[in-house]
1. From (1) outside any loop (DSSP other than H, G, I, E, B); (2) closer than 30 Å to Met106 by Cβ, pick out the condition that doesn't hold for Gly336.
2. When you scan region 54-131 for helices (runs of 4 or more DSSP H) that lie fully inside it, which ones turn up with 2 or more residues that are of a type outside the set (Gly, Ala, Ser), in contact with a Ser or Thr (Cβ under 8 Å, 6 or more places away or on another chain) and closer than 30 Å to Arg397 by Cα?
3. Does Ile35 count as at pLDDT below 85, aliphatic (A, V, I, L, M), more than 19 Å from Ile267 (Cβ to Cβ) and out of contact with any strand residue (DSSP E or B) (no Cβ under 9 Å at 6 or more places or on another chain)?
4. For Asp108, all conditions in the list (1) farther than 29 Å from Leu357 by Cβ; (2) acidic (Asp, Glu); (3) touching a residue at least 40 places away in the same chain (Cβ under 8 Å) hold save one; what is the number of the exception?
5. Under the condition of being surrounded by fewer than 16 Cβ atoms within 10 Å (Cβ to Cβ) and farther than 25 Å from Gly119 by Cα, which residue from region 405-420 is modelled with the lowest pLDDT?
6. Would region 112-130 turn up any residue that is over 23 Å from Ser253 (Cβ atoms), hydroxyl-bearing (Ser, Thr, Tyr) and touching a residue at least 24 places away in the same chain (Cβ under 8 Å)?
7. What is the number of the single condition among (1) part of a helix (DSSP H, G or I); (2) under 21 Å from Met218 (Cβ atoms); (3) at pLDDT below 80 that Ser453 does not meet?
8. Would you check which residues across region 157-197 are among the small types (Gly, Ala, Ser) and out of contact with any Asp or Glu (no Cβ under 9 Å at 6 or more places or on another chain) and list them?
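The values are calculated or read from the model by the stated rules, or taken from the named source; none is laboratory data. These numbers come from a predicted model, not from an experiment. For neighbour counting, all protein chains shown are included, and Cβ atoms are generated from backbone atoms with ideal geometry for every residue, glycine included.
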Amino acid sequence: MLTLTDYLIIAGYFLIILVVGGLTGRKQEKEEFLISGRKLKSLQATSTIFSSRIGAAILLTYTALVYMYGMGALWYFIGSVFGLFVFYFFGLKVKKLADKEKFYTMPDFFFFLKGRFAGFLATLITIIIMFGWVVLNFTAGAKLISEYTPISYNFSVILVGVIILIYLLAGGFDAVVKTDVIQTVGIFLLFVLMMYLLATTKTKPQLAFMDLFSLPAMQIISFFLAGFFIPLASPELWQRVYAIENKKHFKRSIFLSSLFYIIIGFILLLIGLVIRADIPDISADTSLIVGFSRLLPVGLAGLSVVIIYSSVSSSADTYMFTASASVTQDFLEKTGLTKSDNLRKTMRYSMVVLMALGIGMALILRDIVDATFFFVSLTMSLGFLILVIWIYPKVNRHSVNLSIFSCLIGVIIPASIFGISESLVQWAIGFCIIGLLLGFVLQAINPVQDRLSEKKEKD
């Protein structure tokens, strides 16, 4: 259980981010509210990229996978590291195009290169992905609080959602960036706590290289692909690339945030192995939470609650802002349902609606690992398509549209029939490839008409 000091720290943390968000929102123009005026420097960019990636997906899901599969779960993280490496080179190209064409969201890339229909399909996927990550982080934060305190799961979800909504309404993207800087400090404190746990525990994790290959081959492939394609199709990462001032700051921030990400990932692997050995037969979903609760001294366990809660919140506000931006800019504005002059006001309304829906879904869906595989499958399928477009920019619009549409089918139908597991990744990527190939067949059947339609869409 938490002490009075722990509760005061939590209250102080929320008060600080509310004040920062409120002050940030003063006298902002549209460009500042939506994307920080495209002037993020290395420190801000590194902090916001790093903190947005260290949320429920890495802290709780990755630790849960280690608890369930041991060293085999490392394939997910290895894939993520390779994906970040590839994104470094892809991001340089996207940054140049985004600065020239004034992109705000990831679907802007599809609208510009492949036309309106592809853009709207990418918008649909983006909204589903971002909304899903919001729900996942709300669920993780609520489970954390209900494990340590008498505060109920339901009340915790509502509390986090309302606080995040207040400072997002006030400060927009700038508020996300500035609070991410504060939350990055918390994540480094979490790193210190994890090192303390490793240094003081009597259980020393045994790293056996051959254990990496103890899983079935298809499961290894699923873990690796899930990690690899996520950076390429993470809308919040694209938005930060757009917001960085220039290539110099982009290179520094991607390198530094990736380095910190690798360090945290390796330490989490060790923590997961320790918890697996010391506390068998607990729920994998909450293995990190329960592990800290039982293995750390009372005072430090309380501090870990504050830090993990802040990191989960930092990811939740990022995903909420990105989802709202996509709803407002990629759908409402491009369909003429809202004017550019009213964009900021409309976006605030969309935040309120999405937050209410997110809180409602988090009160219903409580399985972190299953939810992660569902939304990871959607994300990585879109990532595969983006990689194809990068390697072969002339890929026709049929292939793009059918690949995105097949991605939805390949996730939703198998999940409904067979349930959610890591095999959903294989279904998703398979359907994505099928849609891509069908597009090439349609292009071959009527190439002239397709070229005229593509030209008309772009005009």
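1. In the conditions (1) outside any loop (DSSP other than H, G, I, E, B); (2) closer than 30 Å to Met106 by Cβ, Gly336 misses (1) alone.
2. The qualifying helices (runs of 4 or more DSSP H) are 74-101, 106-114.
3. So Ile35 passes the test.
4. The one condition Asp108 does not meet is (1).
5. My answer is Gly419.
6. Within region 112-130, one or more residues are over 23 Å from Ser253 (Cβ atoms), hydroxyl-bearing (Ser, Thr, Tyr) and touching a residue at least 24 places away in the same chain (Cβ under 8 Å).
7. Going through the list (1) part of a helix (DSSP H, G or I); (2) under 21 Å from Met218 (Cβ atoms); (3) at pLDDT below 80, Ser453 breaks only (2).
8. Gly161, Ala170, Gly171, Gly186
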